[in-house]
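Worksheet for the structure shown next.
The values are calculated or read from the model by the stated rules, or taken from the named source; none is laboratory data. This one's a predicted model, so the numbers in the text were calculated from it and none came from an experiment. All Cβ positions, glycine included, derive from the backbone under ideal geometry; neighbour counts span all protein chains shown. Areas reflect the complete protein model, heavy atoms only, side chains present, ligands, DNA and RNA absent. Shrake-Rupley method; radii C 1.70, N 1.55, O 1.52, S 1.80 Å.
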Amino acid sequence: IWYTTTDGSKQGIYCEGEEFASDWRWSVGSYFTHYYDETNSVWVLRFYETEKLSKFPNIDLTLFGRNDKVNSVIMPDCIEEITGLSGQTALRSIELPANLKIIGRDAFKDCTALEGIEIPDCVTSIGEYAFFYCSSLTSITLPNSVTSIGDCVFYDCSSLTSIALPDGVTSIGKEAFYRCYSLTSITLPNSVTSIGEGT
């Protein structure tokens, strides 16, 4: 699993068998730790708010490659944008930063075990394919701060039964709710001025 920062730095976690082995390459401090939570029987990946990390509020926490070990992710409040936690097929829960403003493209794409997520009040936009094929996602509540929903955001969320759109939403991208077979109804706020094709 990899994540990269906006300055081009890269860090990897190598997963093998039942345990994680880490390859530390940062010159200053530790950005994360991983441990097995015996109470909940899950692997947890926890990012820390270090001095260096806090200088990159728009850090790209992209995790390259699919992984079937990480069950839970905890992120520090200094992170303002998340892009690309896609393909984490064992991810069941994630604690989003309180100061998060943007859920970017492919943020949780193909996270097929993710059942629910609490989005912080300061998030303003949700990018393309953010929850694409999150087939276990049953419900989600968007805060009033959200103004735009990108293309294919909830595409193929086949277990999604309910979603509340806040009054501030002005645009919904194409095919945003395509193949959401369990979603029987949705109420659009009067603020919506643009709806993409296939939604």
At a probe radius of 1.4 Å, what is the per-residue accessible area of residue 179, in Å² to the nearest 10?
90 Å²
Over the alpha-carbon set of region 86-137, work out the extent along each principal axis and list the three values in angstrom, largest first.
26, 20, 13
So what does residue 124 come to for accessible area, using a 1.4 Å probe and Å² rounded to 10?
60 Å²
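May I ask you to compute the full-extension gain from residue 171 to residue 74, defined as 0.36 nm times their residue separation minus their alpha-carbon distance, rounded to one decimal in nm? Please report the intermediate quantities before stating the final value.
Values: separation 97, 0.36 × 97 = 34.92 nm, distance 2.97 nm.
Contour length minus the Cα-Cα distance gives 32.0 nm.
With the full set of protein chains in place, find how many percent of the accessible area of region 78-199 is carbon and sulfur; take the probe as 1.4 Å. Can you show the working numbers first?
Numbers: 2230 of 5190 Å².
Roughly 43 percent of what the probe reaches on region 78-199 is carbon or sulfur.
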Chymotrypsin sites (Phe, Trp or Tyr not before Pro) restricted to region 128-164 and DSSP loop, no more than 10 other C-beta within 10 Å:
none
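Can you work out the accessible area per residue across region 112-153, with the rest of the protein chains kept in place, probe 1.4 Å, in square angstrom? Please report the intermediate quantities before stating the final value.
Details: 1570 Å² over 42 residues.
Dividing the accessible area of region 112-153 by its residue count gives 37 Å².
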